[in-house]
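The numbers here are math on the coordinates, done by the rules we state, and not lab data. The shown structure was predicted, so the numbers you read here are calculated from the model rather than taken from an experiment. Cβ placement follows ideal geometry from the backbone for every residue including glycine, while neighbour counts extend to all protein chains displayed.
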Amino acid sequence: KKQQIWSGAALIFSGSKLKVPELSINGTQHVVQAGQTLNLTCRGEMVHSWSLPETLSKDSKRLKVIKYACGRNGKQSCSSLTLSRTQASDTGNYSCKYPTSPAKKKKESTVYVFINDTGNPFVEMHSDIPKIIHMTVGREMIIPCRVTAPNIAVTLKKIPRETLIPDGKTIIWDSMKGFRIPKATYKFIGLLSCETTVGGHKYSTKYLTHRETNTIFDVQLSTPRLVKLLKGDSLAINCTVTAAWNTRVQMTWTYPGEARKRGSVMQRIDQKNTEANVFYSILIIDKVRDIDKGQYTCHVKSGPSNKAVNTTVIVYDKMFINLKRRRKTALEAVAGRKSYRLSMKVKAFPSPEVIWLKDGLPAAEKCARYMVKDYSLIIKDVAEEDAGNYTIILSIRQWNLSKNLTVTLTVNVKPQIYENAVSSFPDPNLYLLSSKQVLTCTVYGIPQPKITWMWYPCRKNHFKTRHGFCSYTEGSFILKAGSNIGNRIQSITERTAVIEGKNKTASTLIVAEAKSSGIYSCVASNKVGKAERNVSFIVTDVPSGFHISLEKMPIEGENLILSCSANKFLYKDIAWILPRTVNNQTKAKRSLNKEYSVTLTLTIKNVSLAHSGTYACRARNIYTGKEVLQKKDVTIRAQEAPALLRHLMDQTVNTSNSAMLECQVRGIPEPQISWFKNHEEIQQEPGIILGPGSRMLFIERVKEEDEGLYQCIATNLKGSVESAAYVTVQGTSERSNLELITLTCTCVAATLFWLLLTLFIRKLKRPYSSEMKTNHYLSIIMDPDEVPLDEQCERLPYDASKWEIARERLKLGKSLGHGAFGKVVQASAFGIKKSPTCRIVAVKMLKGILLQSWAGKNDALCSPPKYVHQISAPPQVKCQKYEIKITFTEKVSDAMRT
């Protein structure tokens, strides 16, 4: 009968090839009663094999598989499977398949066979001990309560009371698999029960779901990244894994001697930690050899999670130390750097002891900023004193092995300009017009900086348009000695000296004559960087940049003229603040805009005593924004009628002598004095000299006709006063001639004696200045070629009563010469050394603007002697004695007077 079935089949399929094996049972399911025999036949184009349920062993004695050739001409392969005395546990998939490679699609035919056993409705029964089912949240989970017949109704319950009803989406019932849950959630965690009732008897099988995680927190090795060993040492590497609860890991090792089984592995788990599981895997190799060097990797796997850590093992034959410089170039650091690392190339085994020395002393003990790390020395907050010789010493004491290396560290310092640190002037510097100025720039740096002077001029049209900030938009110019850009540069010099242990350079720029405003910039640069010092060079013709001047203290009825001058680059908004008593209608203001300054002149005409008070000039500093104020107290003097201070006294004068009459009067305004002789007005003529303000009448050589009544009349707006005296002349002309001859001979004799004395003194050794007495008249005996002009001025004695005369006793005459500081004029001086006679003198007149800066200009002060020879002398006088005397027309300090 069997042969007939298969022959029919052969007739049907003889015309086509079987792509997949063919089973003798059609459909996907087949039911066999328990205890009966299961017969399955498979036919295919090639040799095939059977796949059975997991609960059925291929070695079972109840199972028999027979293979034979079949089909036309026996070209097909057939096999029959016979399972006797079937049981409920034999339920499952039975498959016939061709052998295939992994790349090819699997070709098989499968049928699910139910072994119907009314006494065992479930294929697997777990009544007492539930089966563990691993669950991953969000993934599919199957409760494998398979049944032995497809029509058995099964209920899923969650103990204790909840019934889980299949809805076709969250829970799906499959008689061949059990309950399938596509996406498991925390709802299904717990004890589950599959229940059914057959023949009035209730059956149940239990399952416990276990939520499985694959979280690996950390994997570490007990050894560093590089392990160095001597041949024959033991190697032990501990791989420690920290994982979450419910996580199970698989730990494996790969290493060079794995194929030869050079190592042994020990594993254990530590669950003492309340937050995680800790797994250990220890690889041990006794007596390492060359074949054991290489990479050792610990692999950790938990489901889809994988991690690995590794270390490298190096095996040396013996101990050694190799030490050399990391760089061949010079070691350089920069002062102010946060840190610098001195590092060497070191290869050594075992690890040696490291000691760093600086200049022969332990570095870490010498300075707290030094820190030794491995084979490096780290210098924190690099400073200049960190420069020096550094030595690293490596030693392995137990083997008496050591090596050392010394390197030199140079610490470069960015240029520093000391004037920047000490300067505290927020405003620009003011420099007096036409003055000689010296600018200094003191620089320090390593390596020694190069110093360059730059000039930034003010915009050319600045002073013509307005006053205010100086704009520097004309570009910069590099200066050299002799440059005429802006101001003429007399010289630029540099000198180097060791100051406070540092090699500092001072660059000095000398401006020959200040004329142009701008900025002088000293730029110091080296390989580290550069520093710059800017000097605002503002030229001014106003002392201190802001000044009030009063033309003269007015008298009642005169005009009051006050001038307020301010440097236009430093001040703006100049205004006068007047006393309340000043009527607005009586004042006039005039502004004069000059190249360097602005002058605001206040004129009040026909002043009265009510105009007395404090007058103030206000200006605003452009740079600081602050207001400055200068005040001037003005006292209007009331008019007074002339009054005699002393009457003229009768005089008796010998012929050829001189006579002097002084009209001492006072009055406001100053009285005009007229002289009369015998009621006829006297005019100045040769031999008759009128002193300053005509207060003195001087007759040089009295003659008989000069005898008579002399009157002085003093007059001003308030009235007049007069005084008279009679001058009597006595003596003859013969006596005068004799006196003239005697005087001439005396002068000649005195001159010859003086020349002899001078020659004798010059032959003597000049004494040191410390031995000279201040009362020596050095201005006469010093040779200008032997003593410098400055030293001559310092040695001149000074006596206020001897060297000062009142301004009123001078009558100015012709000009003898002029220069940058003023001019020299000839004058007549009255009352020198309390003498009644008049003397011809040379007067040095200084400009008022230079008066405050006069100190120190001794060469200018002592230059007038060269003008002395220009003074005219009476032809009959053969010899004259010249002296230098000083008068001050304004109040000055004692230091300036000296």
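Quick notes on this structure:
- For the stretch 329-394, a simple Cβ point-charge model (Lys and Arg +1, Asp and Glu -1, everything else neutral) yields a dipole of about 280 debye relative to the Cα centre.
- Virtual spin-label span in nm between Asp286 and Asn389, 7 Å along Cα→Cβ: 5.3
- Model label zone, Thr508; criterion: amide N under 15 Å from point 7 Å along Cα-to-beta-carbon; scope the stretch 430-457: 436-443
- Taking other C-beta atoms within 10 Å as the exposure proxy, Met454, Met696 rank Met454, Met696 from fewest upward.
- Put a dot 7 Å past the Cα of Arg260, heading toward its Cβ, do the same for Glu551, and the two dots end up 11.9 nm apart.
- The stretch between Leu645 and Ile189, if pulled fully straight at 0.36 nm per residue, gains 150.8 nm over its current Cα-Cα span.
- Whole-Hz couplings from phi, Karplus 6.51/-1.76/1.60, listed for the stretch 410-417; x for Gly and Pro: 9, 9, 7, 10, 5, x, 10, 10
- Selected from Ser517, Ser597, His547, residue furthest toward positive end of dipole (the stretch 509-607; charges at beta carbon): Ser517
- Relative contact order, percent, the stretch 44-157 [alpha-carbon distance under 8 Å, six or more residues apart]: 23
- Treating r as the C-beta distance of Cys747 and Ser815 and R0 as 35 Å, the FRET efficiency rounds to 0.75.
- Sites listed here are trypsin sites (Lys or Arg not before Pro) in the stretch 138-177 whose DSSP assignment is loop and whose Cβ has at most 10 other Cβ atoms within 10 Å: Arg161, Lys169.
- Contour excess over end-to-end distance, with Cα ends at Ile688 and Thr213 and 0.36 nm allotted per residue: 157.6 nm
- Entries of Lys677/Lys844; Lys572/Lys605; Lys504/Lys844; Lys345/Lys366 with Cα pairs more than 32 Å apart: Lys677/Lys844; Lys504/Lys844
- This model, with +1 at the C-beta of Lys and Arg and -1 at the C-beta of Asp and Glu, gives the stretch 304-344 a dipole about its Cα centre of some 240 debye.
- For Ser483, distant residues with modelled amide H under 5 Å away: Ile489
- Simple spin-label estimate for Phe676 and Ile832 in nanometres, 7 Å along Cα-Cβ: 3.5
- For the stretch 673-715, a simple Cβ point-charge model (Lys and Arg +1, Asp and Glu -1, everything else neutral) yields a dipole of about 220 debye relative to the Cα centre.
- Restriction of the GluC sites (Glu not before Pro) in the stretch 476-570 to DSSP coil positions whose beta-carbon has at most 13 other beta-carbons within 10 angstrom yields Glu500, Glu551.
- A Förster radius of 30 Å combined with the Cβ-Cβ distance from Thr297 to Ala244 puts the calculated FRET efficiency at roughly 0.85.
- Two-site FRET efficiency, Ile478 against Ser339, from Cβ-Cβ distance with R₀ of 41 Å, rounded to 0.05: 0.60
- Segment Asp167-Asn73, extension gain: residue separation times 0.36 nm, minus the distance between their alpha carbons: 28.4 nm
- Positive-end residue, the stretch 154-292 charge dipole about Cα centroid, Cβ charges, pick of Thr223, Met176, Leu208: Met176
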